[in-house]
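Trainee: Input: one structure, supplied below.
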Amino acid sequence: MDPDVPPADRLQHLLALKHHEVPPPGFFEAFPERVRARIRAAGSTSATPWWERVRSWTGWRPALAGACVVVACGLWLWPRVQGPEAGPGRRAGGSGVPAGQGGLVEGATATAPATPWPAQAPVRRAEAVNSMAPQGLFTPGLGLRGALSPAAATTGVQGLVATGLPPATLPPTR
Amino acid sequence: MPPTLPETPSAPPEPPPPQRAEAAEDAALVRRAQQGEIEAFDTLVRRYQERIYSVVYHMTSHHEDAADLAQEAFVRAWKALPGFKGDSSFFTWLYRIAANLTLNHLKQHRRRGHFSLNDLDLQAENDPDLLALVSERTPRRDAALRELQEKLNVALQKLSEPHRMVVTLHDIQGLRHEQIAEIMRCNVGTVRSRLHYARQQLQAWLADCLK
């Protein structure tokens, strides 16, 4: 090779060899039909799963994919982080009261509840249960006076057979 | 002894970038394709298939990957066609899709690091450059050509993807700096500096072949 030819031009000569790298014969004749087939296939499988669509959509945008993951994790963690302090009836802090000992419902007084419900005076658990039971059916410490009939499993309160009480004391059902 | 290169390149040039009349035709075809006329899109495919395949192939040096990615580029172009407003030419827009697809593919398969070389086409045998490369057609000449081609591809694969893309688009495909800047969404200065750096690297790696 002529030594006067600058290396840059020699490189151009060398890169010109790349023009000779061609696909197999007939490749370009079949190419448009292959594209058409893929377009048809893509159209017929438009009902791809949502995760596939998300993946293909975010495949071009790594930052967007990362942001989606952060938002999803945040939504998943939010109730777990906020739950113990804000929810009514949940215990605040780490003061443990053994279950079944009738402790105070502390959420009502220890922290202001993050709910629209008005704050109430602390209520003992047993009293709270009593106030929920129909009058005359429940004796504190003894439980229900009546026994559940076999039909109770299917009919609920209406299946109660009150012993020694008139049926009129049953709460109206809705 | 390493093969020497001929004085003047006369290899068949890549199809030139589209001229103004061709761009106007493209715009008309795009409008028809946007209305759902697949035949119009077919014409665009035929018009650009070689250029798109070529850029993907020179980036990947792998025929199967290039075929797959080139087809996928057209499929994505068809899907995105309703949103194409004509801010740039169809040619630039299509190239950008193919370039992004290829760069994305290369990032995902960076570790694979293999490539297959296609046989030289029949025209290459009549190319005066190649005939001058080795005087007679002998197994030794074929081997020399293959070796040269392999060295060139190895050197190209050593370049980073953006640098290889610039070399492919400019030195192999003949695009202008401005067109490359538009395709790669960077400024012209960046294209020039990448091209300069890439050529320096190639010259260093191919020093034996360039003597």
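Trainee: Within a Cβ distance under 9 Å of residue B:101, other residues only, what is the Lys/Arg minus Asp/Glu net charge?
Mentor: 0
Trainee: Across 5 Å bins from 0, what is the distribution of all Cα-Cα pair distances for the stretch B:143-182, in whole percents?
Mentor: 6, 23, 23, 20, 15, 9, 4, 1
Trainee: Which net charge results when you count Lys and Arg as +1 and Asp and Glu as -1 among the other residues whose beta-carbon is under 11 Å from that of residue B:202?
Mentor: +4
Trainee: All other residues with a Cβ under 11 Å from the Cβ of residue B:38 taken together, and with Lys, Arg as +1 and Asp, Glu as -1, what is their net charge?
Mentor: 0
Trainee: Moving on. Here is the link list: B:107/B:211; B:158/B:211; B:79/B:158; B:85/B:158; B:85/B:107; A:18/B:85. Which ones come out longer than 26 Å on Cα distance?
Mentor: B:107/B:211; B:79/B:158; B:85/B:158; B:85/B:107; A:18/B:85
Trainee: For residue B:35 and residue B:80 in the same chain, what is the full-extension length gain: residue separation times 0.36 nm, less their Cα-Cα distance, in nm?
Mentor: Working it through step by step, the gained length comes to 14.9 nm.
Trainee: Ok, one more. Kindly put A:39, B:38, B:180 in sequence by how many other C-beta atoms sit within 10 Å of each C-beta, fewest to most.
Mentor: With the sparsest Cβ surroundings first, the list reads B:38, A:39, B:180.
Trainee: Please give the FRET efficiency for residue A:73 paired with residue B:27, using the beta carbon to beta carbon distance and R0 = 56 Å, rounded to the nearest 0.05.
Mentor: Here the calculated transfer efficiency is 0.75.
Trainee: Something else about it: In whole Å, what is the distance between the alpha-carbon centres of the stretch B:159-183 and the stretch B:16-83?
Mentor: 18 Å
Trainee: Averaged across the residues of B:202-210, what count of C-beta atoms belonging to other chains lies within 10 Å of each residue's C-beta?
Mentor: The shielding value for this peptide is 4.
Trainee: Please rank B:60, B:102, fewest neighbouring Cβ atoms within 10 Å first, as an exposure proxy.
Mentor: B:60, B:102
Every number here is computed from the coordinates shown, using simple stated rules; none is lab data. Being a predicted model, the structure only gives us computed values, none of them experimental. No Cβ is skipped: glycine too gets one built from the backbone with ideal geometry, and neighbour counts run over all protein chains shown.
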